[in-house]
Amino acid sequence: MTSRPLALAADATRGALIGAAEVVPGVSGGTVALVVGVYERLIASAGHLLSGARLLSRDLPRGRGTTAAGTELRRVEWGTVLPVVVFMLLAVVTLARVLEPLLEEHPERARALFLGLVLASVVVPARMVSGWGRREVLLALAAAVAAVLLTGLPPAANDDPSRLLVFCAAALAICALVLPGVSGSFLLLSIGVYEPTISALNDRDLGYVAVFAAGALTGLVLFVKLLQWLLAERRKATLAVMTGLMIGSLRALWPWQDDHRGLLGPSGDVGPVAGFALLGIALVATLLVVEARALRRGGSELDLPAQGGSGSRV
C-alpha cells in the first residue's frame, strides 16, 4: 500500500515535466514522456481510450450494449494517465504566467531562447532516420524550403486570431504529443497563435480555451492513427520531412525581425540575446544526454510506433 502514493507522486512529476515541455517552443513533450518512461503507456492508453469511445458511439445507439467498449476502456492505465494528464495541465497553466512577460517585454531574447531550443532539437528526428539516403535528403530539403517560405509570409493580425484558426492550430499541435522530437508549442508559434493562447490561459478566456480544447481533441482523434501509420509504414520519409520542417522553421525564430517578419541584422544587446540562444541549446542538450542514459538503462522506445504491440494499434 505504501508504494501507491510514491507511484502517484512519480506520475504527477512526470506529468508536470511533460506539461512544462509542451509550453516551451522547441522542447517536445513526447521526448520528455520518453525520457521519464511513460511514452509507451500513454500511447497505448490513448489507443484503448479512442477505441473504447468509437465502440461506445457505435454500439449504444444500436442497443448492442457496452461490453466491447468497456473492455477497451478497462485496458487504459487510468492510475498513470489521470495524474500525468492533470499535472500536465497544471504545469501548462503555471508556466504560461512565467512566459507571457518574457514574450511581451523581451521579444528578441524570447525568440533567441526558442531558436536555441529548436536548433538543438533538430537532432532528435534526424537521428531517428535509420540511414539517410538520397530520397530522405531530398524530402528534408523540400520540407525545409516550404517551411522557410511559409514562415516568411507577413503575419496576419493574430492578436485576436479567428476561432477557426485556433481550432485548426490546436488540432495540428496536439500531434506533437505522439511523436518525440516535434514541439507543439513551436507549431503554434510558427502559425502565430502561441502568444494569444498563452494570454487566453492567463486571462481565463474560457471561450478561447474551449475552442482550443475542441481542436486538440479533434486532432487527437483524427491524427493519432494517421501519424502512427506513417511511422509504421513510411517511417524514414516521415521523419525526414519532420526534420526538414524543423530546420526551415528556424527562420521564424531569428531574434531580429521587423513587424512583417523581415529578417534584420543583429543590433542592440547582442550578447544577452546570444546568451539566451546558447541557454536554449544547453537545455535541450542536457535533455538529450539524460534521454540517452535512460535508453541505455531501460531499452529504447523510439521504435514503438513501428512495432506491432498495443501502441501501434492506436
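The values are calculated or read from the model by the stated rules, or taken from the named source; none is laboratory data. What you are looking at is a predicted structure, and each value in this text was computed from that prediction instead of being measured. Cβ: placed from backbone, ideal geometry, glycine included. Neighbour counts: every protein chain shown.
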- From the list Leu117, Leu60, which one is under 25 Å from Gly37 (Cα atoms) and part of a helix (DSSP H, G or I)? Leu117
- Item | Within the stretch 155-214, considering residues that are β-branched (Val, Ile, Thr) and either modelled with pLDDT of 75 or more or over 17 Å from Glu22 (Cα atoms) (or both), the one nearest to the chain's Cα centre (by Cα) | Ile174
- Item | Matching residues, the stretch 192-227, being of a type in the set (Lys, Arg), part of a helix (DSSP H, G or I) and under 22 Å from Leu102 (Cα atoms) | none
- Task: Taking the options Val32, Val76, Val92, name whichever one is of a type outside the set (S, T, N, Q), crowded, with 18+ Cβ neighbours inside 10 Å and not in a helix (DSSP H, G or I).
- Result: Val76
- Task: Just need a number here: residues in the stretch 256-311 that are surrounded by 15 or more Cβ atoms within 10 Å (Cβ to Cβ), outside any helix (DSSP H, G or I) and modelled with pLDDT under 90.
- Result: 4
